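J.: Handing you this structure, nothing more for now.
The values are calculated or read from the model by the stated rules, or taken from the named source; none is laboratory data. Keep in mind that what you see is a predicted model, and the values were worked out from it rather than measured. Cβ coordinates were reconstructed from backbone atoms using ideal geometry, including for glycine residues, and neighbour counts include every protein chain displayed. The protein model used for the area step is the full one, side chains on, heavy atoms only, and it has no ligands, DNA or RNA in it. Shrake-Rupley method; radii C 1.70, N 1.55, O 1.52, S 1.80 Å.
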Protein chains: 2
Amino acid sequence: MCNDRSREAGGVVDETVLPAVTMQRPRWGDPATVTELPDVARALAGPDAPSHPAVDPADISLPESAVPPEARDALVDALGDAQVSDRHTDRIAHTRGYSTPDILALRAGNATDAPDLVVTPGSHDDILRVLEICTEHRVAVVPFTGGTSVVGGLTPDRAGFAGVVSVDTRRLDKLLTVDEISRTATLQAGLRGVRAEELLRAKGYTLGHFPQSYEGAGIGGYAATRSAGQSSAGYGRFDDMVEGIVLATPRGTVELGTAPKSAAGPDLRQLVLGSEGAFGIITAVTVRIHPAPTDRVFEGWRFDDFAAGAAALRTLAQDGPMPTVLRLSDETETAINLADPSEIGADAGGCMVIVGFEGGADDVERRRTTVIATLTRLGGTQQGTAPGEAWRTGRFRAPYLRDPLLDAGVLVETLETVTYWSALADLKAAVTTALTDALTGQGTPPLVMCHISHVYAAGASLYFTVACPQTADPIRQWAAAKSAANTAIRTQGASITHHHAVGRDHRDAYHEEIGPLALEALRAVKRTLDPAGICNPGVLV
Amino acid sequence: MCNDRSREAGGVVDETVLPAVTMQRPRWGDPATVTELPDVARALAGPDAPSHPAVDPADISLPESAVPPEARDALVDALGDAQVSDRHTDRIAHTRGYSTPDILALRAGNATDAPDLVVTPGSHDDILRVLEICTEHRVAVVPFTGGTSVVGGLTPDRAGFAGVVSVDTRRLDKLLTVDEISRTATLQAGLRGVRAEELLRAKGYTLGHFPQSYEGAGIGGYAATRSAGQSSAGYGRFDDMVEGIVLATPRGTVELGTAPKSAAGPDLRQLVLGSEGAFGIITAVTVRIHPAPTDRVFEGWRFDDFAAGAAALRTLAQDGPMPTVLRLSDETETAINLADPSEIGADAGGCMVIVGFEGGADDVERRRTTVIATLTRLGGTQQGTAPGEAWRTGRFRAPYLRDPLLDAGVLVETLETVTYWSALADLKAAVTTALTDALTGQGTPPLVMCHISHVYAAGASLYFTVACPQTADPIRQWAAAKSAANTAIRTQGASITHHHAVGRDHRDAYHEEIGPLALEALRAVKRTLDPAGICNPGVLV
C-alpha cells in the first residue's frame, strides 16, 4: 500500500515532499510540468468560445514605481540594496494572487496592481523597521509568502498612500526549534510549506498541512488566512495547529502562546490568525508536529448519493475515529473525476468518498477497522485502493489544469463555504442554483461540481468547482456568478469562506457576517496596532 | 461497572445529574450536606492555630445602597419592581466570589464589596436595557451566573462609578434549541451547569462539562472564564465546545458563530470567550452536545513517580486515544487522598492516575483496550475500579471540605497554571518551592499537593492545593504565598491561569503575559463595546 520509493528518516516518502517550485506568474506550479488537458475538459469550452491568448508577462508595461525616494533610501539603508527591488520581473511576480480573475487580468496584460517595490527583509527586526519606514512615509505594505491568495488578499488600496511595498518574507525560511517532548516546532513565516515539510521530515516529523496551494503557499500565509489542508480530518486546520505566534506591527511586536491552552483572557492567538496582514506581518509560528507516518492506506468508497455520503462523513466526525483524509465528491464531480465511470463498481454513478489513513501501523489499523465497519453499516461499498491512490498521487495536480483550460477558452474557478450539518443540503442546492442561473443567464451554462473536504462534529465545508465557456469578458462573467453565489451563501446563513479567507473579494459579505459592532472592534484593534493604516489596506477591514 | 441506580432517557444515571443547590454564602454547596472533616485534615491546623469563627451573614452590616435614585427608577421601569433588589440577603449573596480570601473576608464580616443593587433581567433585551441605563448613570455592572469566581472576577472597581449593580442572569435559564443533526444546543447564559445537564439528559444528550464548581457555576460563567471540566480529556474545554455566542454590550448585540469553522477573518468567538464581563454580558451560547453515555468505567492506575505518570499522560494526549477523564496526582496528593495508603497496591507510595471512560459500549471498550496497553507498556499497574469509583462519586465533594477546614483553623486554597510538556517538571518544582518557602517563612509550613487534570498534545495544567495552619491574618498570609507562586509561574514562562481566569487577582501577571501591545488592543476592543467602561471595571483589562 506504500509506493516503492525509498524511505527517509522516520516515515514513508510520499508526494508531499516536493522540490520548491518557482512559479512564473500568471501560470501555476512547476513550469517543467506539462499538463495535458483531458478531452472532457477541453470540450467545456464549447464550439463558440473566443480565444483568450495570454500576454507574455515580459511584455506587460508597469506604472513607474511610485514610492518616494526618501522612503526607498530608508529601506535600502535598513535592508541593503540587494533586498529592495523595482525590477520588472519582481514586480510582476508580486502582482495580485492566483484567483481566476487575478490570472485573467495578468493574462490580459493588466498589472496596475503591481507593487512599486519588493523588499526581502531577513529578520523579524528587519520587518519591524520596514513597517516603521512605511508608516513614516505613508506607504502601504502587503505581506507576501507564497502569493497564492485567491480572494484578492494581495491587492491593497492605493488611494491615500504614497506607494505600495510588497514585503516578501522568503528569507525568513528557518526551522527555528523543535521541542520533541512537547511535539512542537517553531517555523519562520517565510518558509514555503514544501520546505517546512522537508525540514521536519528530516527530523522524523510531519506538519500534516497540505492545502491545494501546497506547492506555492507558505507558513505566514497559512496563519494569516486560517488555511485548511487536505489532511485536516487527521491533523486539523492550520489555526488548530498553532500554539504560538509572533506578529510584527508598526507599533512593535506582539508575541502570544504562553501555554497550549489557558484561561488568561481571550485567546488572542485567534485574533492574529486570520488577520490577513491587516494588523502587521506574522514572522513566526509555533505549531504542533507529528511523527512522520510509517504507514498509509488510501481507499475509495461508493455511496448511492451525496446525502448518504454526507451522513456517513457526519457520523465519523461526530462519533470518531477519524481517518487522516476524508472527502466526498458529489455525483457530478464523481463522474467527471473518473476517466471510466464503470470503475466505480457495478453500479455506475453514485458518489465517491476518499478515505485516507496515515500514521503508525497500529494506529492506522485500529482506526481503519472501525471506519470500515461504520461506512459499511451506513451503506458504503469499498472500492479498493486504486481510487484512493489516484486521488493521493494526483492531489496537487488540479491547479495545473486551470491555465490550459483558460488557454482553451474555458472559464474555471472554485469557491467554498461552510455551515452546520443540518443546513448543508439546502446550502449546496442554493449555491449550485445561483451559479447555474447566473452563468446560464449569460449564455454559458456551467458544469458545477461540489465536494466536502473538511468535516467537523457540528458541520462541514462545501467546495464548488465551476467550469463553462468563456464570454468576451470573462472577469465580468465570473463576477456575476460569484456575486450570485455570495448572496446564496449569506441568505442560507453560511460563512462566506471556509479556508480561502476574506481578502478584498469577500469583504462586504464578511462585514455582514460578523455585524457592525464586531467590525468596529476589529477596526479598533487595527487602529491600535497600525495607526497609519498602512498594513494591507482594503483587505479584511 | 455501572452503578445500580435506574437508567433515564439515553444514558446511565450518575452523580452529574444533581439537584440545583442554593448556596448560602460564604459556605459552599448544599447546606443540607454535612461534611465530616477527616482527622488527617483537622490535624493540619497544628496545635497553635487561632480560632476564626465566621460572622453570621445576617449580622454583617452593609454600606447604604449607592445607586442614584433615577438609575434605580429606570431599572425598575425596565425590569419591574420584583427584579430590582437591595435586600440584605440578595446583596450578601452577590458579594465577591468563592476564593479563600473572598470567603475569609465575608467570614470576618467584611462586605464592603457588596453590590448596591441586584437585578434579575429576564431576556437579552432586558440586559441591553440594563447596560444602557447603567451607561447613562455611570453605574458599574457585574455579570453574575453562579458567582463562583475564585480570582476576584466579581469585585469591580468602585472609584469613578455611581454604584455597582450585580446582573444576575438566573432568569435566562432555558435550553433554547437542540439541533440533533449538527449535535449542538443553544443554552441561555443563566442556566446553571446542573440544570443544563438535566435538560440535555432529558433529551438523551450530555454537555460533558463538569468543573469542580459544577454545583454552583453556570453557562455564562463557563464562557466568560474559559472554564475546563473534569472530563476535558473526552469532551474538551468549554471554549472548545462553543460554536456560537451572543454578547449584550452597552452598544448593542454581537452575535458570532456563523459556522463551526471558517476562514472569515479572526475567530472572534475567541475574543468573547474569556472576556470576563469586560466587554458586556454573554446571554446565550451554542455548544456541541454528545449522546448521553450508556457505559462507564473509572479505574485507578499506579505509577512509580510523578515523572513516569506525566510521561504516560503525555503519550495518551499525543498519540491517543484519549479516555474521558485523565488525571494524575503527585506523591503527596496520592498519599493524602488514600484513607489507607496500602490500597494503592503492594508498593505503597507512588502516584495515582484516574482513567475514566464514558460513552457507548463499543467506544468505551475500544478506547479502553488501547489505553490499557499504553499505560501498561509505560510502567503503570492497574488498581481496579475502586479508586476510580471513589474519585468519581466524590468528585464534587472537595469544595465542601474548605469551610470546616477554615472553621478548624486550617488555611486551604488552590491555584493552577499550564505550560508545555517540556517545561512541566521545572514549573511544578518552582511553584512548590515558592509556596513552601513563602508559608514556611511565616511560621506555617504547608502541605503542597499537585495534580495534572487537563492534558493537551503540547502541554498540561498543574493544579496545586495548599494547606497549613492559619496565622492571625490569613488573608495576608495567603497573599504572600500567592504572590510568590505567581512570580514562580511567570519566571518559568507559564500561564498565570489554566481555568480559573484572570479576574482582579491575576490581572498584573496577565498583562505581563500578553504584553503591552496586546493589552492595548484588548482595551481598544473594550472602549469600542463599552465606551463608558461600566462593564466589570478593574477585571481583566
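J.: Step by step: first the residues of the stretch B:222-236, then only those that are over 16 Å from residue A:267 (Cα atoms) and of a type in the set (Gly, Ala, Ser), then the one that is nearest to the other protein chains (Cβ to nearest Cβ). Which residue is that?
T.: Here the residue is B:232.
J.: Looking only at the stretch A:237-263, count how many residues are touching a residue at least 12 places away in the same chain (Cβ under 8 Å) and either of a type in the set (A, V, I, L, M, F, W, C) or more than 9 Å from chain B (Cβ to nearest Cβ) (or both).
T.: Total satisfying the criteria: 12.
J.: Condition first: of a type in the set (Gly, Ala, Ser) and open to solvent by 10 Å² or more (accessible area, probe 1.4 Å). Can you find one or more residues in the stretch A:286-293 that meet it?
T.: no
J.: Which condition number does residue A:509 fail, the rest of (1) open to solvent by 10 Å² or more (accessible area, probe 1.4 Å); (2) within 11 Å of another protein chain (Cβ to nearest Cβ); (3) of a type outside the set (Ser, Thr, Tyr); (4) part of a loop (DSSP other than H, G, I, E, B) being met?
T.: (4)
J.: Among what's in the stretch B:190-216 and is among the small types (Gly, Ala, Ser) and at pLDDT 95 or above, pick the residue that is nearest to residue B:277 (Cα to Cα).
T.: Per the stated criteria, the residue is B:190.
J.: Going through the stretch B:379-414 one residue at a time, which ones are of a type in the set (Val, Ile, Thr) and crowded, with 19+ Cβ neighbours inside 10 Å?
T.: Correct list: B:410, B:412.
J.: Quick test of your reading of the structure: residue A:417 fulfils all but one of (1) outside any helix (DSSP H, G or I); (2) open to solvent by 10 Å² or more (accessible area, probe 1.4 Å). Name the failing condition by number.
T.: (2)
J.: Let me ask something else. Please specify each residue of the stretch B:132-172 satisfying the condition of being polar (S, T, N, Q) and either farther than 30 Å from residue B:414 by Cβ or part of a loop (DSSP other than H, G, I, E, B) (or both).
T.: Within the stretch B:132-172, B:135, B:145, B:148, B:149, B:155, B:169 meet the criteria.
J.: Kindly evaluate residue A:159 against the criterion of being closer than 25 Å to residue A:531 by Cβ, open to solvent by 40 Å² or more (accessible area, probe 1.4 Å) and without any contact (Cβ under 8 Å) to a residue 40 or more places away in the chain.
T.: Spelling it out, residue A:159 is indeed closer than 25 Å to residue A:531 by Cβ, open to solvent by 40 Å² or more (accessible area, probe 1.4 Å) and without any contact (Cβ under 8 Å) to a residue 40 or more places away in the chain.
J.: So which residues in the stretch B:180-190 are away from chain A (no Cβ under 14 Å) and within 17 Å of residue B:292 (Cβ to Cβ), if there are any at all?
T.: B:187
J.: Pull up the stretch B:427-453, narrow it to residues that are small (Gly, Ala, Ser) and open to solvent by less than 30 Å² (accessible area, probe 1.4 Å), then point me to the one that is modelled with the lowest pLDDT.
T.: Residue satisfying both the conditions and the ranking: B:453.
J.: Right, another one. Scan the stretch B:102-125 residue by residue and report those that are buried (at least 20 other Cβ atoms within 10 Å of the Cβ), of a type outside the set (Asp, Glu), closer than 20 Å to residue B:217 by Cα and touching a Lys or Arg at 6+ places or on another chain (Cβ under 9 Å).
T.: B:103, B:106, B:114, B:115, B:118, B:120, B:121, listed by residue number.
J.: With the requirement that a residue be of a type in the set (S, T, N, Q) and more than 15 Å from residue A:171 (Cα to Cα), what does the stretch A:187-215 give you?
T.: A:206, A:212, A:213
J.: With (1) touching a Lys or Arg at 6+ places or on another chain (Cβ under 6 Å); (2) buried (at least 22 other Cβ atoms within 10 Å of the Cβ) as the list, and residue A:318 as the residue in question, which single condition is left unmet?
T.: All conditions pass for residue A:318, except number (2).
J.: Filter the stretch B:513-541 for residues that are outside any loop (DSSP other than H, G, I, E, B), more than 8 Å from chain A (Cβ to nearest Cβ) and either within 15 Å of residue B:161 (Cβ to Cβ) or in contact (Cβ under 8 Å) with a residue 24 or more places away in the chain (or both) and give the result.
T.: The answer is B:526, B:535.
J.: Which numbered condition trips up residue B:535, out of (1) modelled with pLDDT of 95 or more; (2) over 18 Å from residue B:432 (Cβ atoms); (3) open to solvent by 10 Å² or more (accessible area, probe 1.4 Å)?
T.: Single failed check for residue B:535: (3).
J.: Further question on the same structure: Condition (residue is more than 19 Å from the chain's Cα centre (by Cα) and in contact (Cβ under 8 Å) with a residue 60 or more places away in the chain) applied to the stretch B:499-512: is it met by at least one residue?
T.: no
J.: Also: Does the stretch A:173-182 contain any residue that is more than 19 Å from residue B:318 (Cβ to Cβ), in a loop (DSSP other than H, G, I, E, B) and open to solvent by 20 Å² or more (accessible area, probe 1.4 Å)?
T.: Among the residues of the stretch A:173-182, at least one is more than 19 Å from residue B:318 (Cβ to Cβ), in a loop (DSSP other than H, G, I, E, B) and open to solvent by 20 Å² or more (accessible area, probe 1.4 Å), which makes the answer yes.
J.: Restricting attention to the stretch B:302-315, and to residues there that are open to solvent by less than 10 Å² (accessible area, probe 1.4 Å) and within 14 Å of another protein chain (Cβ to nearest Cβ), which single residue is nearest to residue B:185 (Cα to Cα)?
T.: Only one residue tops the list, namely B:313.
J.: What residue, among those in the stretch B:272-301 that are β-branched (Val, Ile, Thr) and not in a strand (DSSP E or B), is nearest to the other protein chains (Cβ to nearest Cβ)?
T.: This residue is B:272.
J.: Counting only residues that are hydroxyl-bearing (Ser, Thr, Tyr) and within 14 Å of chain B (Cβ to nearest Cβ), which one in the stretch A:420-475 is nearest to residue A:41 (Cα to Cα)?
T.: Filtering the stretch A:420-475 for residues that are hydroxyl-bearing (Ser, Thr, Tyr) and within 14 Å of chain B (Cβ to nearest Cβ), the one nearest to residue A:41 (Cα to Cα) comes out as A:463.
Yes/no matrix, rows are residues, columns are (1) assigned to a helix (DSSP H, G or I); (2) at pLDDT 90 or above; (3) surrounded by 13 or more Cβ atoms within 10 Å (Cβ to Cβ); (4) not hydroxyl-bearing (Ser, Thr, Tyr):
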{"residue": "B:25", "(1), (2), (3), (4)": "no, yes, yes, yes"}
{"residue": "B:37", "(1), (2), (3), (4)": "no, no, yes, yes"}
{"residue": "B:49", "(1), (2), (3), (4)": "no, no, yes, yes"}
{"residue": "B:66", "(1), (2), (3), (4)": "no, yes, yes, yes"}
{"residue": "B:92", "(1), (2), (3), (4)": "yes, yes, yes, yes"}
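J.: Follow-up. Return a yes/no flag: does the stretch B:371-378 have any residue that is over 21 Å from the mean Cα position of the chain (by Cα), within 14 Å of chain A (Cβ to nearest Cβ) and open to solvent by less than 30 Å² (accessible area, probe 1.4 Å).
T.: Yes: the stretch B:371-378 contains one or more residues that are over 21 Å from the mean Cα position of the chain (by Cα), within 14 Å of chain A (Cβ to nearest Cβ) and open to solvent by less than 30 Å² (accessible area, probe 1.4 Å).
J.: Give B:58, B:78 a once-over and let me know the one that is in contact (Cβ under 8 Å) with a residue 12 or more places away in the chain, part of a helix (DSSP H, G or I) and surrounded by fewer than 12 Cβ atoms within 10 Å (Cβ to Cβ).
T.: The unique qualifying residue is B:58.
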